[in-house]
Structure formats: structure tokens, C-alpha cells
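A quick write-up on the structure given underneath.
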Amino acid sequence: SAVISQKPSRDICQRGTSLTIQCQVDSQVTMMFWYRQQPGQSLTLIATANQGSEATYESGFVIDKFPISRPNLTFSTLTVSNMSPEDSSIYLCSVRTRGSDYGYTFGSGTRLTVV
Amino acid sequence: QKEVEQNSGPLSVPEGAIASLNCTYSDRGSQSFFWYRQYSGKSPELIMSIYSNGDKEDGRFTAQLNKASQYVSLLIRDSQPSDSATYLCAVNRGNTPLVFGKGTRLSVIA
């Protein structure tokens, strides 16, 4: 299965600032997915990032707040802009893996605290 | 709206017992079904996938799928304290993103 390197693993940020999260995959993948997991909650999809096209955002998430880049088939970034305490969450990237199970693999996550 | 429902728990079972986790989904077109385990502070880890009706076994884990009832379950035999975690059910169609349930917290008591 694919291996995803995600960083930073955690950060504490001041409100009003921005944080960029990076995910590097050890193989080429068509789609990368960005999720948010708020404390005690399940995973909510933010957007799907395709190489060479604009990301597709889910209802409630907008590009100005969560701009995404996908410069090649192994890398993507998610920026959390103009942060407020409500953005404090774990952010995860995910890709579909090739193999008998075709499961989806997750990065190790970025734990963001906004103060 | 596509939904995946799970009992939030906690589900407490004694060590060595069978833990039974259940999940229902609303989208009849769902094709792929996954169970993830998530330890506190960690990212989800895939433990089982199932695509057709019936049972699929992998070690101590058995996934069961009934598409007519829109129901998928996970059985964990000989439960161990190390199985204590939150179990997330996820479904999708084709290459679409996974839709997750809220997860069931399992506690295995030694």
C-alpha cells in the first residue's frame, strides 16, 4: 500500500494566521483527499485534489479558506487560512491504494490548535 | 445525503469475547465497504474491506455485508485489550471519497 508522509505533525498557531500542511506519497496517485476530524468526531471530507485541475470542495468548505495545491501526482498541500479557534482539528490526507483491497491510506495527520 | 450510521458506544467486552460492531448506510449504490481502526491521537488504519454480500475473514476479524439490508458489520474474535480503539465504518462508490460513520468506541476489559 501507499506510504504517505504528512507534515507538520502538530502546530499551535495564532488566530488570523495561516498554516500549510504537506502530504508526500511514495507512488503516483490520481486523487488525493483532504479530511478534517474535529475533537471527538468522525472524518469530514474537505476536498478532493486532482493533479492539473482545481480541487473539488465539499459543501461548507471554500477555496479561500482552504486553498489546495496539487503540483504533481505525488504531492499536495492544504492551507488553512485566516485561522480561528474553530479550525482546531486534526487534518488528514488520504489516497486510494493499489492492491487486492483497494483501501484508502491516511497520512499520520496534523493536529492543529489555534489560540 | 449519503449517511453512514454507527452506534457511538462505548461497547465494552471482556477479554477473549467476540466484539460485534454494526453499521448501516443510506446510499444503495454503495459498492465498497471498509472498516478502519483508530487509536486515540492516531490516524485511521484500514483493517478490513468487503465488496460483495456475505462474510470475509482475516485472522480474528470477520466483515459481513448485506446489501439488501444496507448493513455491514465487523466481528472481532478473541478480543484483546489492544483492540480497544474507535472503529470507523466507511463506504463509497467506485473512486469517490469515503463517507465515514461517527465511529464506535470499543473497550476490551482485561
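Scan the stretch B:1-20 and report the pairs whose first residue is closer than 22 Å to A:G60 by Cβ and whose second residue is surrounded by 15 or more Cβ atoms within 10 Å (Cβ to Cβ) and acidic (D, E), with Cβ atoms within less than 7 Å and a gap of 6+ or a chain change.
So the pair list comes out as B:K2/B:D27.
Taking the stretch A:80-103, which residues are under 16 Å from A:T44 (Cα atoms) and either in contact with a Pro (Cβ under 8 Å, 6 or more places away or on another chain) or not aromatic (F, W, Y) (or both)?
Listed by number, the residues that qualify are A:V80, A:E86, A:D87, A:S88, A:S89, A:I90, A:L92, A:C93, A:S94, A:V95.
Within 13 Å of chain B (Cβ to nearest Cβ), open to solvent by 40 Å² or more (accessible area, probe 1.4 Å) and of a type outside the set (K, R): does that describe A:T56?
Yes, satisfied.
Test A:V80 against the criterion of being of a type outside the set (S, T, N, Q), within 14 Å of another protein chain (Cβ to nearest Cβ), farther than 17 Å from B:F100 by Cα and in contact (Cβ under 8 Å) with a residue 40 or more places away in the chain, and give yes or no.
So A:V80 does not fit the description; no.
For residues that are at the interface with chain B (Cβ under 8 Å from one of its Cβ atoms) and open to solvent by 70 Å² or more (accessible area, probe 1.4 Å), tally how many sit in the stretch A:31-44.
So the count comes out to 1.
Does the stretch A:74-110 hold any residues that are within 15 Å of the chain's Cα centre (by Cα), open to solvent by 60 Å² or more (accessible area, probe 1.4 Å) and farther than 15 Å from B:Q38 by Cα, and which are they?
Across the stretch A:74-110, the qualifying residue is only A:R96.
Quick one: B:G41 ticks every box in (1) under 16 Å from the mean Cα position of the chain (by Cα); (2) free of Cβ contacts under 8 Å to residues at least 24 places away in the same chain; (3) closer than 15 Å to B:A85 by Cα bar one, so which box is it?
Evaluating B:G41 over (1) under 16 Å from the mean Cα position of the chain (by Cα); (2) free of Cβ contacts under 8 Å to residues at least 24 places away in the same chain; (3) closer than 15 Å to B:A85 by Cα leaves (1) as the failure.
Counting only residues that are of a type in the set (S, T, Y) and at pLDDT below 90, which one in the stretch A:30-64 is farthest from B:L98 (Cα to Cα)?
Filtering the stretch A:30-64 down to residues of a type in the set (S, T, Y) leaves A:30, A:35, A:42, A:44, A:48, A:53, A:56-57, A:59.
Right, trim to at pLDDT below 90 and you get A:30, A:42, A:53.
Working: A:T30: 15, A:S42: 12, A:S53: 21 Å.
My answer is A:S53.
Return the residue satisfying two criteria in turn: it lies in the stretch B:1-27 and is in a loop (DSSP other than H, G, I, E, B) and hydroxyl-bearing (S, T, Y), and of such residues it is farthest from B:V99 (Cα to Cα).
B:S8
Can you tell me which residues in the stretch B:35-55 are surrounded by fewer than 19 Cβ atoms within 10 Å (Cβ to Cβ), more than 10 Å from chain A (Cβ to nearest Cβ) and not in a loop (DSSP other than H, G, I, E, B)?
Within the stretch B:35-55, B:G54, B:D55 meet the criteria.
Inside the stretch A:8-43, can you point out the residues that are closer than 27 Å to B:R105 by Cα and either assigned to a strand (DSSP E or B) or within 11 Å of the chain's Cα centre (by Cα) (or both)?
A:R10, A:D11, A:F33, A:W34, A:Y35, A:R36, A:Q37, A:L43
For the stretch B:73-97: of the residues being at the interface with chain A (Cβ under 9 Å from one of its Cβ atoms) and more than 13 Å from the chain's Cα centre (by Cα), which is most open to solvent (accessible area, probe 1.4 Å)?
B:N95
The values are calculated or read from the model by the stated rules, or taken from the named source; none is laboratory data. A quick note: this is a predicted structure, and the numbers were derived from the prediction, not measured. Every residue, glycine as well, gets a Cβ built from its backbone with ideal geometry; the counts of neighbours run over all protein chains shown. The protein model used for the area step is the full one, side chains on, heavy atoms only, and it has no ligands, DNA or RNA in it. Shrake-Rupley method; radii C 1.70, N 1.55, O 1.52, S 1.80 Å.
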